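K.L.:
So that we are looking at the same thing, I have put the structure below in structure tokens.
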Amino acid sequence: MNLATTVGLAERHPADGQPQPGLDLGGAGGLLAHGWDRNVMWTGAQAKAVKRIINGRIIMPPPADKPELALQLADPTPLPVLDGDALAARWQGLLKG
């Protein structure tokens, strides 16, 4: 039993999605990978920029004065599983925007 089943939600397993690890490597830039086998997609400044978007816009907690936003963001609905090319296209769009 885990937290999901305790509160009546369906249990999710790691195979339900593809991990997308990213590392900020300081002055060396960054590294962005995709999938369980950690295929390196991007390195350098571009990967570091994506990592900053992830940390600053996507997983950054909402302001304390907006509790309703925190509840909306806590929705356990999984993101669509993207292949490496589709994920790269998504990040390219965020970098341009």
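K.L.:
So what's the net charge close to residue 25: Lys and Arg +1, Asp and Glu -1, counting the other residues with Cβ under 12 Å from its Cβ?
P.N.:
Computed value for this residue: +1.
K.L.:
For the residues 42, 36, what sequence is obtained by ranking on other C-beta atoms within 10 Å, fewest first?
P.N.:
Ascending Cβ contact count within 10 Å gives the list 36, 42.
Read-outs throughout are calculated quantities, based only on the coordinates presented, and are distinct from any laboratory measurement. Computed from a prediction, not measured in an experiment: that's the story for all the values here. Please note: Cβ atoms are built from the backbone with ideal geometry, for glycine as well, and neighbour counts cover all protein chains shown.
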